[in-house]
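J.: Take a look at this one; I'll ask things after.
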Amino acid sequence: MAAPMELSCWEGGWGLPSLHPESLTVLAYAKFSGAPVTVNSVNNSWRTLKGDLPVLVSEDIVISQPAKILNFLRKQKYNADYDLSAKQGADTLAYIALLEEKLLPALLHTFWIEAENYRSVTKPWFASRFAFPLSLYLPGKMSREALNRILLTKGGPPLYSLTEVEGQIYRDAKECLNLLSKRLGTSQFFFGDVPTTLDAFVFGFLAPIYKVCFPKVHLQVHLKQLLNLCRFCDDILTRYFRSTVSSHSPAGQDTADANLQKLTQLVNKESNLIEKMDDNLRKSPQHPPRKLTTLKLAAGGEESSPMSRLSP
Amino acid sequence: MSLVAEAFVTQLAAAEPWPENAALYQQLKEEQILLSDNASSLAVQAFLQMCNLPVRVICRANAEYMSPSGKVPFIHVGNQVVSELGPIVQFVKAKGHSLSDGLDEVQKAEMKAYMELVNNMLLTAELYLQWCDDVTVEEITHPRYGSPYPWPLNRILSYQKQWEVRRKMKAIGWAGKTLEQVLEDVDQCCHALSQRLGTQPYFFNKHPTELDALVFGHLFTILTTQLITDELSEKVKNYSNLTAFCRRIEQQYFEGHDKDSSAIAARSSKRPLLR
């Protein structure tokens, strides 16, 4: 019925289909409403220069902002809000405004302005997605835009200084998270059992904070204490984004543990192999036992015994 | 403000009761004040009326510069100065008066969300209309904003403010919107507010809260201010429960109070504008 639709958005990582909150929102809504959208991870076009992502292209129509994209999908009969009452629709708008005012500045700050986070995580990740000249220029531009936005909307006019605003925006963000948690309560989604536009927006804003591993993470720590919001994100990831989740390990901690486990297993295998070789050589009657340089990483006790047996 | 400073101020606030000579400062009512500032000021006045706290309205040409955060209105209570509705609500709460104590947690979350909706959409739309729509800027805003000052100061100040507001619009992505889109957003916001209000007298049924004060401030100002065209007020008039809501609050809290002539004068004289 509808023309094929193609969505261009930022790539993902850390178990998420995309790192960009607006792209995530649109992706989530497309999954909730069942819209057949082919996702195109963009990394090297002029659109990213203009900062216009996510972008939906359908036949000749090009639509760029999340709210407009969602409107377009609704007009194409992919409506996730079909069962909502009018009041719930109004609540949706209000909560989206709350997210944009209170949570978005802190999200931008964590990603783009917090010096350690920016230098060690955000900049390398975004820079690695672009070809050479853009990779030098674009992350800096996005960081400057984020700083501008925060200062102009939250900073007081005479001063425009960041330090005063930082405390305020994190406090607002934590309050916003608490409010969302209270609103969600114990239900699965914000309006019952079926996900809607509001769930898409909340997921889009929360998932990057929840999943991406930053050095400075006090917002993530606060979020992890709100168990129902974490459960909400995980539910959506496993139900709607399962294929991308299985290919990555969710958190840095788990990756480190998994790597450690693999290493230990490898070491054990090596030591078992070496012991077997030892035994075989001892048992064989023809050849005198050769000195083996054992590369054992196991306890020193094992090392000394074959050596002592080998000495003639 | 840092956490420590805020705690200190709250403690100071809690120490004294509300004095008789509390004052609210805004710009000059007849010649200078603009749509958005008038809306914010009316919201604070409505809130204080709802809390039954007396306050005098004082009009000064340099109110914006006197304010600690650069925004009007601000109140001068005892020896403290607090500006903008959010901090004023907290300040009043520290003194022991609150309108939203009876709400449960989910309702408080809703109230905050709707207040953000009004700030995000209505206030930004008002600012857009005042400072980014060229016709309105030329004919209404520039003459009014600098009116207390002599030439060339009046032009310099209004250009400076315009540049500041346009920067902010660009940062939040509203610079690319057309007037029709902005009016569309206002309509969406009013639709949401109308749906939420339904047939109740106030947003949280029986008693008014700061949300009612904020919505009243903005909607009443939009309804009673004469601009180049009536499109903005038409959008609000489409929702009869919202106009009834404004009328109800005006009658209950503003009629019979002589000192609060802003609401009544606005209604009767349609705020003579330089046209």
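Read-outs: derived from the displayed coordinates by stated rules, not from any lab. Bear in mind that the values here come from a model prediction, so they are computed numbers and not experimental data. When we count neighbours, we look across all protein chains shown, and the Cβ atoms used for this are built from the backbone with ideal geometry, even at glycine.
J.: Output ³J(HN,Hα) for segment B:102-114: one whole-Hz value per residue in order, computed from phi by the Karplus curve 6.51 cos²θ - 1.76 cosθ + 1.60 with θ = phi - 60°, and x for Gly and Pro.
T.: For segment B:102-114, the Karplus curve yields x, 8, 7, 4, 5, 5, 5, 4, 5, 4, 4, 4, 5 Hz.
J.: Which residue, B:Ala113, B:Ala125, B:Ala213, tops the fluctuation ranking in a GNM of chain B built on C-alpha contacts under 10 Å?
T.: For chain B, modelled as a Gaussian network with Cα springs under 10 Å, the answer is B:Ala113.
J.: How large is the charge dipole for segment B:105-257, taken about the Cα centre, if only the Cβ atoms of Lys, Arg (+1) and Asp, Glu (-1) carry charge, to the nearest 20 debye? Provide the component values of the computation, followed by the final result.
T.: On the way: 16 positive and 20 negative charges, 80 e Å.
Dipole magnitude for segment B:105-257 comes out near 380 debye.
J.: Could you sort B:63-70, A:104-111, A:56-63, B:19-26 so that the peptide with the highest average Cβ count within 10 Å comes first and the rest follow in order? The partial results should precede the final answer.
T.: Working: B:63-70: 17.5, A:104-111: 22.9, A:56-63: 14.5, B:19-26: 16.0.
Result, highest mean first: A:104-111, B:63-70, B:19-26, A:56-63.
J.: Could you tell me which of A:Leu19, A:Thr186, A:Leu56 has its Cα farthest along the dipole of segment A:5-241 towards the positive end, charges placed at Cβ (Lys, Arg +1; Asp, Glu -1), taken about the Cα centre?
T.: It is A:Leu19, whose Cα lies furthest towards the positive end.
J.: Which whole number gives the average, over all residues in B:102-114, of C-beta atoms from other chains lying within 10 Å of the residue C-beta? Numbers along the way, then the final one.
T.: Details: counts 0, 0, 1, 6, 5, 2, 3, 13, 7, 2, 8, 16, 7.
Other-chain Cβ atoms within 10 Å of each residue's Cβ, averaged: 5.
J.: Turning to a different aspect of this structure: Reachable aspartates and glutamates from A:Lys31, Cα under 12 Å, same-chain residues fewer than 8 places away excluded?
T.: A:Asp199
J.: Then there's this: Mind checking B:189-196 for the average number of partner chain beta-carbons within 10 Å of each residue's beta-carbon?
T.: Working: counts 4, 0, 4, 9, 3, 2, 8, 8.
What the average comes to for B:189-196 is 5.
J.: Further, regarding this structure: Given the Cα-Cα distance of B:Ala23 and B:Asn205 and 0.36 nm per residue of separation, how much length would full extension add, in nm? Can you show the working numbers first?
T.: On the way: separation 182, 0.36 × 182 = 65.52 nm, distance 3.03 nm.
Between B:Ala23 and B:Asn205, full extension yields an extra 62.5 nm.
J.: Run the numbers for B:Glu164 and B:Arg60: contour at 0.36 nm per residue of separation, minus the present Cα-Cα distance, in nm.
T.: Details: separation 104, 0.36 × 104 = 37.44 nm, distance 2.18 nm.
Full extension from B:Glu164 to B:Arg60 adds 35.3 nm.
J.: Something else about it: Just for the Cα atoms in segment B:190-242, what are the lengths along the principal axes, largest first, rounded to whole Å?
T.: So the extents along the principal axes, rounded to whole Å, are 37, 18, 13.
J.: What is the mean projected area of the alpha carbon convex hull for segment B:1-112, to one decimal in square nanometres? Walk me through the numbers on the way to the answer.
T.: Numbers: hull surface 30.3 nm².
Dividing the Cα hull surface by four gives the mean projection, 7.6 nm².
J.: Then there is this: Run the numbers for B:Ala175 and B:Asp104: contour at 0.36 nm per residue of separation, minus the present Cα-Cα distance, in nm. All intermediate terms of the calculation are to be shown ahead of the outcome.
T.: Numbers: separation 71, 0.36 × 71 = 25.56 nm, distance 3.83 nm.
Value of the extension gain: 21.7 nm.
J.: For segment A:5-241, take N as its residue count and report Rg(C-alpha) divided by 2.2 N^0.38 Å.
T.: On the way: Rg = 17.5 Å, N = 237, 2.2 N^0.38 = 17.6 Å.
For segment A:5-241, the normalised Cα radius of gyration is 1.00.
J.: Pick out which of B:Ala43, B:Ala171, B:Ala61 has the largest mean-square fluctuation in a Gaussian network model of chain B, springs linking Cα atoms closer than 10 Å.
T.: Fluctuation is largest for B:Ala171.
J.: When DSSP beta bridges are limited to those with both residues in segment B:3-99, what percentage is antiparallel, rounded to the nearest 5?
T.: Values: 7 of 11 bridges.
Looking only at bridges with both residues in segment B:3-99, the antiparallel portion is about 65 percent.
J.: Using the structure shown, select from B:Lys206/B:Lys235; A:Lys154/B:Lys168; A:Lys123/B:Lys177; A:Lys154/B:Lys161; A:Lys141/B:Lys170 the pairs with a Cα to Cα distance greater than 19 angstrom. Can you show the working numbers first?
T.: Working: B:Lys206/B:Lys235 27 Å; A:Lys154/B:Lys168 10 Å; A:Lys123/B:Lys177 30 Å; A:Lys154/B:Lys161 17 Å; A:Lys141/B:Lys170 15 Å.
Over 19 Å Cα-Cα: B:Lys206/B:Lys235; A:Lys123/B:Lys177.
J.: Give, rounded to the nearest 20 debye, the magnitude of the charge dipole that chain B has about its Cα centre when Lys and Arg contribute +1 at Cβ and Asp and Glu contribute -1 at Cβ. If you can, show how the numbers build up before the last one.
T.: Working: 27 positive and 32 negative charges, 71 e Å.
I would put it at about 340 debye.
J.: Something else now. Would you kindly derive the ³J(HN,Hα) couplings of segment A:176-190 from the backbone phi angles with the Karplus curve 6.51 cos²θ - 1.76 cosθ + 1.60 (θ = phi - 60°), listing them in order in whole Hz, with x for Gly and Pro?
T.: 4, 4, 4, 4, 5, 4, 5, 5, 5, x, 9, 7, 6, 10, 5
J.: Residue by residue through segment B:229-236, which ³J(HN,Hα) values in whole Hz follow from phi under the Karplus form 6.51 cos²θ - 1.76 cosθ + 1.60 (θ = phi - 60°), with glycine and proline marked x?
T.: 10, 9, 4, 5, 6, 4, 4, 6
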